[in-house]
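To keep things clear, I will list the structure first and then write my remarks on it.
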Amino acid sequence: VVLREVDRPAPGPDEVEVEVRAAGLNFKDVLLALGVVPSPVEGSPPLGGECSGVVTAVGAKVEDLRVGDEVVAIAPGSFGRYILAPAMYTVSKPRRLTFDEAASIPLVFMTAEYALNELGRVEAGERVLIHAAAGGVGQAAIQVARRAGAEVFATAGSEEKRAFLREQGVEHVMDSRSLDFADEVMAATGGQGVDLVLNSLAGEAIDKGLESLAPYGRFIEIGVRDLLENRGVGLRPFLKNLSYSAFELSRMVLERPTKFGALLRRVLDGFESGELEAPPVKTYPIGEAVEAMRYMAQARHIGKLVLNVEDVSETPIVAKESPAVGLREDASYLITGGLGGLGLTVARWMVERGARHLMLVGRSGASAAAETTLAELREAGARVHVAQADVSLRADVVGLFAKVAEELPPLGGVVHAAGVLDDGVLLRQDCGRFERVFAPKVQGSWYLHEQTRDMDLDFFVLFSSAASLLGSPGQGNYTAANAFLDGLAQYRRSQGRAGLSINWGPWDEVGMAAAQSNRGGRLGQQGLESLAPDEAMQAMEGLLGAGVAQMGVMALHLRRWFQSQPATVDWPVLAELAAQAEQAAEEHGSPADAPVRRELLALSDATKQMFRLTDYVRDQMGQVLGMEPSQIEPEKPLTDMGVDSLMAVELKNLLEIDLGLALTPTLIFGYPTLAELVLGLAEKLDLSVEGSDEPMESGIEEEDDGLDDLSEDAARQLLLDELHELPAELLAEK
């Protein structure tokens with residue numbers, strides 16, 4: 001998680017720009033940062049959803065907000081200096097609240113307000129059970145319930161949190177990590193139960209919650225885990241005329257925007273009037289966002305965590321990358337294979353970079369999916385022409401360029417992305433199969449070269465393949481065709497013309513490997529992983545201004561590749577890559593270069609390697625768990641020490657970076673103890689683990705087994721007794 005410089009666009013007609021002073025941290029931000037839930041946008045997810053700050057600009061249609069107003073806003077990307085927020089989700093900040101306090105209230109109080117009052121219809125004198133009551137939503141729900149005159153029952157996951165709730169005057173406090181709460185509720189209410197349950201627990205706790213409801217009780221679900229898993233519940237409790245409602249606030253933004261805005265205003269009115277108070281707030285500076293996320297992931301916080309954004313002077317900020325090349329509005333651009341996944345990805349990138357005239361070429365017409373993309377490009381302001389032509393036929397290419405000259409502005413660039421496959425081992429290939437694959441690649445690229453040799457193009461890009469650098473069993477014809485593209489780019493550059501051949505690795509989602517899912521998966525296992533389309537286009541953008549004729553762009557896991565393709569270890573291009581990576585690691589010491597792995601492999605003694613690996617893994621576990629490494633016992637299950645699925649993801653991420661390994665999120669289920677995890681990692685690192693049944697306990701005295709007190713003769717006899725158990729031939733050999 002880093003701060004990155006971005007553009008600062010002007011607000012739209014119904015938007016306001018807010019200079020953020022503080023932003024609320026929510027559990028969803030942690031899940032996004034860890035990659036547990038998918039990002040709503042390509043690339044890095046916009047972290048943060050609520051903030052407080054000062055209005056710095058308003059859109060043309062905004063009437064009730066002015067520059068200088070102190071506000072509370074709900075908007076994606078709030079972990080930043082300036083954000084654009086919808087005016088309908090931007091409300092004046094209650095005067096008696098600090099910016100940190102104001103940033104803590106919107107989402108949790110809106111959830112509690114809607115759940116208890118609109119869905120739960122809570123009334124004075126009723127009993128309300130609030131699970132996880134020490135957290136943000138729980139603290140808000142206690143206030144909302146008390147304001148209505150209800151009696152609060154609460155659960156929390158630690159004794160510290162339960163003590164905090166008792167200090168707040170909550171009389172009935174129970175353990176959220178035990179199912180005993182249902183019996184305790186019934187005992188405290190004389191068998192009557194509670195009128196409303198605000199639930200965020202999962203699994204059997206839902207059944208117990210339903211059992212603890214009184215007749216006509218309401219069960220309000222604000223968790224999503226069981227909903228996503230489609231878990232069933234027994235219906236017998238509903239004989240008591242119960243009702244069940246599930247609620248996720250984030251959906252209301254899209255599906256009921258007017259209601260969402262009114263709910264935000266109603267909540268803030270409660271703070272303006274003094275009926276509601278800010279929850280307990282723990283504030284971190286924005287530069288310590290990672291520490292704040294880890295604290296939340298460990299479920300140690302009470303109330304709400306907030307990131308303060310007022311001072312970023314001491315915080316590293318990654319500079320924005322400027323586009324390597326700008327596309328011109330007064331030029332046209334031709335893309336062959338333009339109606340396929342690769343071509344449409346390039347077309348979308350071109351329009352985003354300012355191109356307004358495109359000619360997309362394909363042998364057949366546009367599919368329904370392609371038509372949808374074409375409509376989006378045209379809606380974005382581009383004039384998109386579609387031509388049906390076979391670039392392997394000179395007449396078609398000549399006609400194509402005549403059409404470009406007649407209907408479009410002067411040609412500024414060409415991207416040749418057309419290609420076909422006809423795989424088969426070399427012995428089963430024939431001239432016809434070679435010709436079929438050569439046609440779009442070889443003939444097509446040469447005819448494009450002929451038509452543009454006298455043009456001053458900004459670029460002439462040929463989509464080649466990693467196959468012509470690394471080889472590809474079963475694709476001799478495809479490999480040779482792409483090698484021709486590489487040669488053509490070199491030839492054009494030698495004549496002073498634009499020319500760039502990109503040896504692409506497989507692409508995710510689009511392209512030939514994506515169309516053959518088994519192929520993409522097989523390549524990934526061998527170490528040639530798939531590129532995300534946005535990663536590929538970012539790389540191409542950089543290459544257009546690099547002045548090179550040929551470049552390989554692939555997500556290559558060198559160690560895995562060498563294991564699967566040992567004959568390539570001495571290939572000059574790969575040997576150079578391996579040497580460069582090692583040199584960069586030595587010079588820069590970057591975590592991405594697996595520093596702990598280098599340290600382990602530098603140790604010649606296997607025992608020392610195991611000592612060091614054990615210490616390292618224990619330290620990482622201590623960091624994730626928030627406990628002293630010495631407290632982590634080698635044979636104790638990690639789940640018993642509090643490692644949950646979220647912590648397992650963070651532990652995996654840490655180990656991958658420092659050890660240079662590709663690990664699964666289910667790591668701790670395969671290696672459930674420190675001892676097993678260390679041995680598993682040692683095996684993946686190819687460390688010697690002979691004779692090791694558990695990790696070495698460095699710094700811990702070994703138990704005295706009495707062997708040191710034996711005489712030399714006695715020790716020798718003991719050894720011989722053990723050796724007699726070995727097979728005779730092995731004993732003789734040794």
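The values are calculated or read from the model by the stated rules, or taken from the named source; none is laboratory data. Given the structure is predicted, the values throughout are model-derived calculations rather than measurements. FYI the Cβ positions are ideal-geometry reconstructions off the backbone, even for glycines, and counts take in every protein chain you see. With ligands, DNA and RNA removed, areas are computed over all heavy atoms of the protein, side chains included. Shrake-Rupley method; radii C 1.70, N 1.55, O 1.52, S 1.80 Å.
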Checked ALA575, ALA536, ALA567 against criteria (at pLDDT 70 or above, buried (at least 19 other Cβ atoms within 10 Å of the Cβ) and not in a loop (DSSP other than H, G, I, E, B)); the one match is ALA536
Flagged pairs (Cβ under 6 angstrom, 6 or more apart or on separate chains; first in region 556-569, among the β-branched types (Val, Ile, Thr); second modelled with pLDDT of 75 or more) are THR568/LEU574
Listed by first then second residue, the pairs whose first member lies in region 112-131 and is closer than 17 Å to VAL267 by Cβ, whose partner is in a loop (DSSP other than H, G, I, E, B) and not aromatic (Phe, Trp, Tyr), with beta carbons under 7 Å and at least 6 positions apart or on separate chains, are ALA115/ILE222; LEU116/VAL122; VAL122/ALA148; VAL122/ALA150
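Could you pull out the residue among GLU50, GLU101, GLU5, GLU17 that is open to solvent by less than 70 Å² (accessible area, probe 1.4 Å), touching a residue at least 12 places away in the same chain (Cβ under 8 Å) and more than 30 Å from MET647 (Cβ to Cβ)?
None of the others qualify; the one that does is GLU17.
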Among the residues of region 473-491, is there at least one that is charged (D, E, K, R) and open to solvent by 60 Å² or more (accessible area, probe 1.4 Å)?
-> no
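Conditions (1) among the small types (Gly, Ala, Ser); (2) open to solvent by 20 Å² or more (accessible area, probe 1.4 Å); (3) in a helix (DSSP H, G or I), marked per residue:
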{"position": "SER392", "(1), (2), (3)": "yes, yes, no"}
{"position": "VAL397", "(1), (2), (3)": "no, no, yes"}
{"position": "VAL414", "(1), (2), (3)": "no, no, no"}
{"position": "ALA418", "(1), (2), (3)": "yes, no, no"}
{"position": "ARG433", "(1), (2), (3)": "no, yes, yes"}
{"position": "GLN443", "(1), (2), (3)": "no, yes, yes"}
{"position": "TYR447", "(1), (2), (3)": "no, yes, yes"}
Sole miss for ARG218 among (1) open to solvent by 20 Å² or more (accessible area, probe 1.4 Å); (2) outside any helix (DSSP H, G or I); (3) touching a Ser or Thr at 6+ places or on another chain (Cβ under 7 Å) is condition (1)
Taking region 236-274 and keeping only residues that are more than 30 Å from GLU70 (Cβ to Cβ), open to solvent by 60 Å² or more (accessible area, probe 1.4 Å) and within 37 Å of the chain's Cα centre (by Cα), one is left with TYR244
Flagged in region 449-470 as among the acidic types (Asp, Glu) and open to solvent by 60 Å² or more (accessible area, probe 1.4 Å), in numbering order, are ASP454, ASP456, ASP458
When region 334-349 is checked residue by residue, the ones that are touching a strand residue (DSSP E or B) at 6+ places or on another chain (Cβ under 6 Å) and without any contact (Cβ under 8 Å) to a residue 60 or more places away in the chain are LEU339, ALA347
Next on the checklist: Residue under question is LYS403, and the condition is that it be under 28 Å from ASP330 (Cα atoms), part of a helix (DSSP H, G or I) and of a type outside the set (Val, Ile, Thr); does it hold?
Outcome noted: yes
Reported set for region 221-231 where residues are outside any helix (DSSP H, G or I), closer than 22 Å to MET110 by Cα and open to solvent by 30 Å² or more (accessible area, probe 1.4 Å) is ILE222, VAL224
Apart from one, (1) among the aliphatic types (A, V, I, L, M); (2) open to solvent by 80 Å² or more (accessible area, probe 1.4 Å); (3) closer than 27 Å to LEU531 by Cβ all hold for ALA10; the odd one out is (3)
Screening GLY138, GLY149 for residues that are out of contact with any helix residue (DSSP H, G or I) (no Cβ under 7 Å at 6 or more places or on another chain) and not in a helix (DSSP H, G or I) leaves only GLY149
When every residue in region 366-389 that is over 35 Å from the mean Cα position of the chain (by Cα) and open to solvent by less than 40 Å² (accessible area, probe 1.4 Å) is compared, the one nearest to GLU352 (Cα to Cα) is HIS385
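Yes/no matrix, rows are residues, columns are (1) of a type in the set (D, E, K, R); (2) on the phi < 0 side of the Ramachandran plot; (3) under 36 Å from the mean Cα position of the chain (by Cα):
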| site | (1), (2), (3) |
| --- | --- |
| VAL414 | no, yes, yes |
| ALA418 | no, yes, yes |
| ARG428 | yes, yes, no |
| GLY432 | no, yes, no |
| PRO440 | no, yes, no |
| SER445 | no, yes, no |
| HIS449 | no, yes, no |
| ASP454 | yes, yes, no |
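Taking the options LEU360, LEU342, name whichever one is open to solvent by less than 70 Å² (accessible area, probe 1.4 Å), over 23 Å from GLY399 (Cβ atoms) and in contact with a helix residue (DSSP H, G or I) (Cβ under 9 Å, 6 or more places away or on another chain).
Only one candidate qualifies: LEU342.
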Restricting region 303-339 to residues that are basic (Lys, Arg) and either open to solvent by less than 10 Å² (accessible area, probe 1.4 Å) or modelled with pLDDT under 85 (or both), the one nearest to THR452 (Cα to Cα) turns out to be LYS320
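Quick check, is ALA132 over 33 Å from the mean Cα position of the chain (by Cα) and among the small types (Gly, Ala, Ser)? Quick ask: steps written out before the conclusion?
Working: over 33 Å from the mean Cα position of the chain (by Cα): no; among the small types (Gly, Ala, Ser): yes.
In short, no.
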*Is there a residue being crowded, with 19+ Cβ neighbours inside 10 Å, assigned to a helix (DSSP H, G or I), modelled with pLDDT under 85 and of a type in the set (D, E, K, R) anywhere in region 595-603?*
yes
Scanning region 171-215 for residues that are surrounded by fewer than 18 Cβ atoms within 10 Å (Cβ to Cβ) and basic (Lys, Arg) gives ARG177
Residue pairs within 8 Å by beta carbon, gap of at least six or interchain, first lying in region 620-641 and closer than 18 Å to VAL596 by Cα and open to solvent by less than 80 Å² (accessible area, probe 1.4 Å), second of a type in the set (Val, Ile, Thr) and assigned to a loop (DSSP other than H, G, I, E, B), listed first then second, are MET621/ILE632; MET621/VAL643; GLY622/ILE632; VAL624/VAL643
Exactly one of VAL253, VAL306, VAL267 is in contact with an Asp or Glu (Cβ under 9 Å, 6 or more places away or on another chain), part of a helix (DSSP H, G or I) and under 26 Å from MET88 (Cβ atoms), and that residue is VAL267
The number of residues in region 55-88 that are closer than 27 Å to PRO45 by Cα and either open to solvent by 10 Å² or more (accessible area, probe 1.4 Å) or part of a strand (DSSP E or B) (or both) is 21
